[in-house]
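The values are calculated or read from the model by the stated rules, or taken from the named source; none is laboratory data. Since this is a predicted model, take the numbers as computed values, not measurements. Note that each Cβ is placed from the backbone with ideal geometry, even for glycine, and that neighbours are counted across all protein chains shown. To get the accessible areas, we keep the full protein, side chains included, count just its heavy atoms, and leave off ligands, DNA and RNA. Shrake-Rupley method; radii C 1.70, N 1.55, O 1.52, S 1.80 Å.
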Amino acid sequence: LTEPEKLVIYELHLRDFTATGDIHGAMDKLEYLKAMGVNAIELMPTQEFDGNESWGYNPTHYFAVDKAYGTREQYKTFINECHKRGIAVIIDVVYNHSTGASPLAQLYWNSSKNQTAANNPYFFETGRHDFNVFHDINHGNKFMQDLIKRSLVYLIEEYNVDGFRFDLSKGFSDSQSGWNGVDQTRIALIKDYAEAIKDADPDSYIILEHWGQYSEESEYIRNDMHPWKKMNEAFCETAMGWSGSKGNLSGNYAWLDATWGASGWVTFMESHDEERMAYKQEKYAHSSIKGNLANSMKNLGLNAVCFLGTPGPKMIWQMGELGYNY
């Protein structure tokens with residue numbers, strides 16, 4: 001596998017990446033991605049989710065891959081074809097919450113309030129932090145810890161995936177104060193999950209959407225994990241041709257030191273949660289760029305040089321390389 005500091009990750013949503021919206025369509029584009037220099041694909045959530053039209057952040061079952069994109073054998077073929085081309089496959093996993101369709105939510109359910117019941121050992125009755133959606137998983141429950149670890153190991157052993165991106169890992173806390181500050185219980189919990197992953201595959205990548213304090217995120221980096229680092233606002237400003245503090249790209253270099261070098265944070269200009277640079281150009285750019293496709297693409301190209309030319313792992317949101325402006 002590629003060393004973490006050399007990762008060029010392509011965040012890919014199987015439904016939206018090609019006209020067919022499935023694994024078959026994505027497989028047809030692997031040579032395109034390889035030619036671009038991509039050496040890792042991060043699939044947005046593929047564990048079974050509610051319905052078929054979704055980004056996948058509404059999970060229900062952890063040991064099934066969602067049928068909307070293909071069969072289990074097609075998933076395996078896709079991963080094998082990626083590996084033949086030197087491309088790792090990282091799966092976006094969602095363990096902060098689940099929907100009411102989860103069997104563990106339904107076992108202890110309050111029908112009158114349409115939410116998990118107060119005596120549900122696997123979920124909190126209401127969310128424990130401001131960013132919770134659906135039903136908040138109780139990570140203090142030993143059964144839930146074991147279930148999550150078993151499902152992670154299963155994806156490694158059954159599908160040969162190369163790592164995971166944990167959605168909203170900062171939410172693995174049982175209080176708002178834990179969300180706002182450094183939570184030692186959460187640190188121990190995430191280290192435990194990481195240990196289970198590394199025991200199954202020592203070379204696995206572990207990426208965290210954490211948005212925590214430096215002291216907590218650096219603790220994960222010391223344990224071979226890689227938090228997300230958002231540079232969207234700065235790169236959007238430079239794409240639009242505006243100068244000033246918001247367009248300061250120095251953050252792209254920040255937090256690199258002799259302790260862990262350039263392999264710590266996964267930096268990105270765009271992600272599924274952020275606005276596209278080309279769209280903001282179309283709406284808000286300087287007069288020399290707005291409505292001028294040639295100048296727009298020049299600025300986006302300059303952004304790519306400033307972004308990809310710096311040390312450390314990088315992530316590209318699908319179709320950003322095309323100046324996608326929707």
In the stretch 209-251, anything modelled with pLDDT under 90 and aromatic (F, W, Y) is listed as Y214
Enumeration of residues in the stretch 3-27 that are more than 30 Å from T310 (Cα to Cα) and either touching a Ser or Thr at 6+ places or on another chain (Cβ under 6 Å) or among the acidic types (D, E) (or both): D22, G25
Where H24 falls short, out of the listed (1) more than 20 Å from the chain's Cα centre (by Cα); (2) closer than 30 Å to G140 by Cα; (3) modelled with pLDDT of 95 or more; (4) open to solvent by 20 Å² or more (accessible area, probe 1.4 Å): (2)
The residue that is surrounded by the fewest Cβ atoms within 10 Å (Cβ to Cβ), considering only those in the stretch 205-243 that are under 21 Å from P4 (Cβ atoms) and β-branched (V, I, T), is I221
When the residues of the stretch 267-297 are filtered to those that are more than 27 Å from the chain's Cα centre (by Cα) and not in a helix (DSSP H, G or I), which remaining residue is surrounded by the fewest Cβ atoms within 10 Å (Cβ to Cβ)? S287
Within the stretch 264-287, considering residues that are polar (S, T, N, Q), touching a helix residue (DSSP H, G or I) at 6+ places or on another chain (Cβ under 9 Å) and at pLDDT 95 or above, the one nearest to P227 (Cα to Cα): S271
Can you go through F131, F63 and tell me which one is in contact with a Gly (Cβ under 7 Å, 6 or more places away or on another chain), assigned to a loop (DSSP other than H, G, I, E, B) and open to solvent by 60 Å² or more (accessible area, probe 1.4 Å)? F131
Within the stretch 298-326, how many residues are open to solvent by 70 Å² or more (accessible area, probe 1.4 Å) and within 26 Å of the chain's Cα centre (by Cα)? 6
Output for the stretch 134-154, where each listed residue is open to solvent by less than 10 Å² (accessible area, probe 1.4 Å), in contact with a strand residue (DSSP E or B) (Cβ under 7 Å, 6 or more places away or on another chain) and hydrophobic (A, V, I, L, M, F, W, C): I137, M144, L152
Selection count, the stretch 298-326, where residues are touching a residue at least 12 places away in the same chain (Cβ under 8 Å) and assigned to a helix (DSSP H, G or I): 10
For the stretch 158-227, which fully contained helices (runs of 4 or more DSSP H) count at least 3 residues that are among the polar types (S, T, N, Q)? 176-180
Do any residues in the stretch 213-242 that are within 21 Å of W179 (Cα to Cα) have Cβ atoms under 7 Å from those of residues that are among the basic types (K, R) and open to solvent by 10 Å² or more (accessible area, probe 1.4 Å), where the two are at least six apart or on different chains, and which pairs are they? N223/K191
Quick one: how many residues across the stretch 124-136 are closer than 20 Å to G181 by Cβ, modelled with pLDDT of 95 or more and touching a helix residue (DSSP H, G or I) at 6+ places or on another chain (Cβ under 9 Å)? 1
Please work out which residue is surrounded by the fewest Cβ atoms within 10 Å (Cβ to Cβ), limiting yourself to the stretch 164-204 and to residues that are within 19 Å of the chain's Cα centre (by Cα) and β-branched (V, I, T). I187
